[in-house]
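Each remark here refers to the structure printed beneath this line.
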Amino acid sequence: MEPRSEEIKRKVSKLAVSARDRRTRPELLPLLDGMPLNSYYNFESGKVWPQSKNLRRIEKAFGWKHNILTDLVDSGIDPESLTLEYLERGYAATEEPAQKAFELTLKDLMAELNDRVDQLTKENQDLRSENRQLKADQEKIRKLLHHK
């Protein structure tokens, strides 16, 4: 790995600690959707960069943009410019997220719109999957409480 990508990983680990806020790691565990606590601890402490499935779990737990962690490592971005807001939006608040629509050709505009639809579709699928999992967990809890 290049030194820059290692700096990015360290910065992301620090941001995860900030995102966790006052919650303990065990309190965060249900949001990590099956990620082992020791794997999360190793990520947060900067010891090990998680596998992609666990990166997705971390993104989902904190409400970060889908695939932002993988994209960041490959981006070469200045680690000092990374913020929690950047991880949530995929760009800094001071950046323009895209060109103005009237500045784009019709082909570029259609490509941009298709990319956004694809992203929203993926996010919607992720939310539906998460919702199904939450309902299943809720049903398990209800059954456990009913049997006591």
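The values are calculated or read from the model by the stated rules, or taken from the named source; none is laboratory data. This one's a predicted model, so the numbers in the text were calculated from it and none came from an experiment. Cβ placement follows ideal geometry from the backbone for every residue including glycine, while neighbour counts extend to all protein chains displayed.
With respect to Ser75, is the statement that it is surrounded by 12 or more Cβ atoms within 10 Å (Cβ to Cβ) and over 28 Å from Lys11 (Cβ atoms) true? Answer is no for this residue. Among the residues making up region 1-51, those that are surrounded by fewer than 14 Cβ atoms within 10 Å (Cβ to Cβ), hydrophobic (A, V, I, L, M, F, W, C) and in a helix (DSSP H, G or I) are Val17, Leu37. Do we have any residue at all in region 98-107 that's under 20 Å from Asp33 (Cβ atoms) and at pLDDT 85 or above? No - not one qualifying residue is present in region 98-107. Pro50 falls short on exactly one of the conditions (1) modelled with pLDDT under 95; (2) over 22 Å from Gln138 (Cα atoms), and that condition is (1).
So is Asp137 modelled with pLDDT under 85 and farther than 30 Å from Arg10 by Cβ or not? If you could, list the steps in order and put the result at the bottom.
Working: modelled with pLDDT under 85: no; farther than 30 Å from Arg10 by Cβ: yes.
No; evaluated as a whole, the condition is false for this residue.
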